[in-house]
Every structure is written in C-alpha cells, then in structure tokens.
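K.L.:
Here it is, the structure, as structure tokens.
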Amino acid sequence: MLEDAGGGNFAVRARTSWYPSVNAFNDRATFDLTFKIPDKFVLVGVGKLVKEGKEGDFAVSHWVSDIPLAVAGFNYGLFKKKEIADPQTKYQIEGYATSELPSYMRGAASIGGMSPARLTESAMVDAQNSIRIFNHWFGEAPYGRIAITQQPQLNFGQSWPTLVYLPIIAFFDSTQRWQMFGMQRGLTDFVQEVTPHEVAHQWWGHIVGWTSYHDQWISEGFSDFSASLFLQYAQGGKIDRYQKFWESQRQAILEKNVFGIRHNDAGPIWMGLRLNSARTPAHIVASPTTRDLTFCTCCDG
Ligand SMILES: [Zn+2]
C-alpha cells in the first residue's frame, strides 16, 4: 500500500482497493475513517478532518464525509501543510509537500532550492483559481475543501474527492525542470495543465460520475475542457492559450508517437480501459505525460 521513496516521500499504491469496496466509482458511500500513524508523519484524508490528537508516539486523525463519495483515500508523508480560506468560494484550500526529494531524485539536490514545499503556494493558487472558474461555469462544488498533495510519482496526477495527488514535478519551477529534464515543451504544458485538470475532476468524475467504463472518457474530455478554460483565464481571458491547448490535443491524437503509433488508431475511445490490450498496450499508446492513472482511457485524457 505504501512504498517508502525516501526523504519523507511515500508512494501510495492500491488507491481503489485498500479498503473493502464492491466497485470503486460505482459504489458511492459516506465514510468515517480513523487513521493512526507514527506522529512525525502527516496523513491527508478525504472528507473533513473532525478530530486529531496524539496517542503515545502516534498521531490519530478522524475524517468524515457527509456527502457520498465515489472513492475514498489518503496521502501520506513528511509533509509541511499550508492552507488558505477563499472567501469567494468559501473553500478551504490546503497544500501538502515534503521538504526533501525522494531518493531517486537525489542527484538533483544540488540544483538550488529543490525543496518541493517551496512551490506549494503556487499549486494552491492554481487550485483556488480553478475552483473559482469552475464554480462559475459548472455550479458550486459541494465539498468545501480541497487538499493539493504531492506524490513522488512523476508523470501523472489523480483526483479523489477533496484530495488531489499532484506529481512531484508540479512542485518544480521551469528552471529546475529544465536543469533536470532538458527543454521539453510537452513537460511544461503538462505541468501547467495538471492542476486545473485534476481539480476539474471534482466536478467530472466525482460530482458527476459515469454509468459504465464506456463513458469514462467523457470525464476526461470535460476535465480537459475545464483546464483549457483555466489556461484562457489565467492569461487574462485571451483565447490564444485555449486554442493552443486544443491544437496540441489534436496533434496528440492524430500524430504518431515515439513508438510509431497514432492514438487515434488504438480503437474507439468508448472501449475505454479495454483498449489496454496486447495489440495496443497502454504504456506504448499513452503519451509520455498521461495525466491520470485511473481516469485515463486509451490516450492522454
Ligand atoms: Zn483526468
């Protein structure tokens, strides 16, 4: 369930099957969760934190959801927490990031200021603006809180109700990304899009679910549309960034990837996860910056 990635970073695995669930995403329920962990670490749950305290060397936290959730989960690490209350949306926005890099990135520690927690506020502001824009366009989200949390995995994000897992790369600035990975335009686009895309799943996937896997792509489509709105507003309402986003999406669907395969040739998008087959395995068909693990279907959501 938890894999120690070093430096106080833990990869949370088995995110849909760590608790008894008949069918995550199609088995909505309210949750009453109590966690007991070594007290130097921080656990971030779904729902609302109603109580926390200490029992010996352990930290105990109690999380309750009064709205039925499609899936429950948590993130965990040696996190520093920041929070802001947005008076406009009445949302509480929390940010959680570690001070140190996971072991596999230690070589990069020499690049100045590589503490992920340094850029927590930037991700929180993106989340705050996303909620304002999406509330206006789609109706108010009911959850009242969202936690933007860091995960050591690099190239995808994930969104649980009230809890977003952002790839650690979203906590690096453009200079740091350039020093670590070189000049990659796709990577910059991914980092700019991943926070609004994941926040948008609070609406598309959680408030509004899907009847079967055939429809899962619709949640991805609306989340991408939401991210493109965010990009437009983030640039003062100019349409350029919106159009550029959709042009690059069109290219991603129609052009061959590094394996010589066009995403469009994988099969009908409504086949969803079943397109992950021997003929078109997901790791070859997916683009290098697949945004979501669970939420993604055949191509880059
Ligand atoms: Zn997605």
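K.L.:
Kindly check whether there is at least one residue in the range 79-99 that is under 20 Å from the mean Cα position of the chain (by Cα), of a type outside the set (A, V, I, L, M), at negative phi and assigned to a loop (DSSP other than H, G, I, E, B).
P.N.:
yes
K.L.:
Starting from the range 142-154, keep only residues that are without any contact (Cβ under 8 Å) to a residue 40 or more places away in the chain and closer than 16 Å to Lys48 by Cβ, then list their pairs with residues that are surrounded by fewer than 23 Cβ atoms within 10 Å (Cβ to Cβ) and of a type in the set (A, V, I, L, M, F, W, C) whose Cβ atoms are within a distance under 8 Å, requiring at least 6 positions of separation or different chains.
P.N.:
If the second residue must be surrounded by fewer than 23 Cβ atoms within 10 Å (Cβ to Cβ) and of a type in the set (A, V, I, L, M, F, W, C), no pairs are left.
K.L.:
In this structure, is Ala29 aliphatic (A, V, I, L, M) and under 30 Å from His214 (Cα atoms)?
P.N.:
yes
K.L.:
When the residues of the range 126-145 are narrowed to those that are surrounded by 16 or more Cβ atoms within 10 Å (Cβ to Cβ) and hydrophobic (A, V, I, L, M, F, W, C), which ends up nearest to Gln202 (Cα to Cα)?
P.N.:
The selected residue is Ala141.
K.L.:
Does Glu255 count as touching a strand residue (DSSP E or B) at 6+ places or on another chain (Cβ under 8 Å) and away from the ligand (no atom under 16 Å from the Cβ)?
P.N.:
Against the criterion (touching a strand residue (DSSP E or B) at 6+ places or on another chain (Cβ under 8 Å) and away from the ligand (no atom under 16 Å from the Cβ)), Glu255 qualifies.
K.L.:
A further question follows. Which pairs turn up if I take residues in the range 10-38 that are modelled with pLDDT under 95 and look for partners that are of a type in the set (Lys, Arg) and surrounded by 12 or more Cβ atoms within 10 Å (Cβ to Cβ) with beta carbon separation below 9 Å, at least 6 apart in sequence or on another chain?
P.N.:
Ala24/Arg15
K.L.:
Can you name every residue in the range 24-47 that is of a type outside the set (Lys, Arg), under 16 Å from Val60 (Cβ atoms) and not in a loop (DSSP other than H, G, I, E, B)?
P.N.:
Asp32, Leu33, Thr34, Phe35, Ile37, Pro38, Val42, Leu43, Val44, Gly45
K.L.:
Give me a count of the residues in the range 155-179 that are touching a Phe, Trp or Tyr at 6+ places or on another chain (Cβ under 7 Å) and either within 22 Å of Arg106 (Cβ to Cβ) or surrounded by fewer than 15 Cβ atoms within 10 Å (Cβ to Cβ) (or both).
P.N.:
The number of residues fulfilling the criteria is 1.
K.L.:
In addition: Of all residues being at pLDDT 75 or above and under 20 Å from the mean Cα position of the chain (by Cα) in the range 257-301, which is surrounded by the fewest Cβ atoms within 10 Å (Cβ to Cβ)? Just the residue, please.
P.N.:
Restricting to residues being at pLDDT 75 or above and under 20 Å from the mean Cα position of the chain (by Cα), the top hit is Leu273.
K.L.:
When Ser99 is evaluated against the numbered criteria (1) closer than 20 Å to Ser219 by Cα; (2) in contact with a Ser or Thr (Cβ under 7 Å, 6 or more places away or on another chain); (3) more than 16 Å from the ligand (Cβ to nearest atom), which criterion, by number, is the only one it fails?
P.N.:
Condition not satisfied by Ser99: (1).
The values are calculated or read from the model by the stated rules, or taken from the named source; none is laboratory data. Everything numeric here is computed off the predicted structure, so don't read it as measured data. Note that we place each Cβ from the backbone using ideal geometry, even for glycine, and neighbour counts take in every protein chain shown.
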